[in-house]
Amino acid sequence: MSGKNREFQIFVKPVGAHCNLRCSYCYYLGKKNLFSGEDYSVMSDEILEKYIVQHIQASTGKVINFTWHGGEPLLAGIDFYRKVISLQLKHQPAGPHRK
Ligand code: SF4
């Protein structure tokens, strides 16, 4: 494989281990214990923007896929996903990625 096209996929869990789906095969919900003392939290704005910028920079294909994982889709809140779309539009590259 050449280094020019390296497709990859990342599953981001913006609400950490606070997923509410409770799949029987889950490997992740126990990670909640790593964050003792913290209440339910959503990925910070700073981390969210850094992630989106780095993900776009690392993507080499014509389409940049973002996958949000870990819970009912709106567990992070509709405003979180409005922010996601706004940041993706802000940082999208000109050229073949742009629709
Ligand atoms: S959706 Fe993912 S994080 Fe949530 S319970 Fe299922 S496997 Fe675990």
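Given labels modelled 7 Å from the Cα in the Cβ direction, how far is it in nm from Gln9 to Tyr28?
Distance between the two pseudo-spin positions: 1.3 nm.
Return an integer: the convex hull volume of the alpha-carbon atoms of segment 11-91, in Å³ per residue. Before the final figure, lay out the partial values.
Working: hull volume 9.1 nm³, N = 81.
Enclosed volume per residue, from the Cα hull, is 112 Å³.
Just need the relative contact order of segment 11-91 here, percent rounded to a whole number, with Cα pairs under 8 Å and 6+ apart. Can you show the working numbers first?
Numbers: 62 pairs, mean separation 40.2, N = 81.
Rounded, it is 50 percent for segment 11-91.
Could you order peptides 8-14, 28-34 by the average number of other Cβ atoms within 10 Å of their residues, highest first? Each step should come with its number before you reach the end.
On the way: 8-14: 13.4, 28-34: 11.7.
Put in order of decreasing packing, that is 8-14, 28-34.
So, in nm, how far is label Phe66 from label Ile78 when the simple model puts each one 7 Å beyond its Cα toward the Cβ?
My value for the distance between the label points is 1.8 nm.
Any of Lys32/Lys62; Lys13/Lys50; Lys62/Lys90; Lys50/Lys83; Lys31/Lys83 with alpha carbons more than 24 Å apart? Name them for me.
On the way: Lys32/Lys62 36 Å; Lys13/Lys50 15 Å; Lys62/Lys90 17 Å; Lys50/Lys83 13 Å; Lys31/Lys83 26 Å.
Too far apart for the 24 Å limit: Lys32/Lys62; Lys31/Lys83.
For Arg6, Arg22, what's the fewest-to-most ordering of other Cβ within 10 Å of each Cβ?
Values: Arg6 11, Arg22 8.
The fewest-first ordering by Cβ neighbours comes to Arg22, Arg6.
Values in this text are rule-based calculations from the coordinates and carry no lab data. Being a predicted model, the structure only gives us computed values, none of them experimental. Ideal geometry is used to build each Cβ from the backbone, glycine not excepted, and the neighbour counts take in all protein chains shown.
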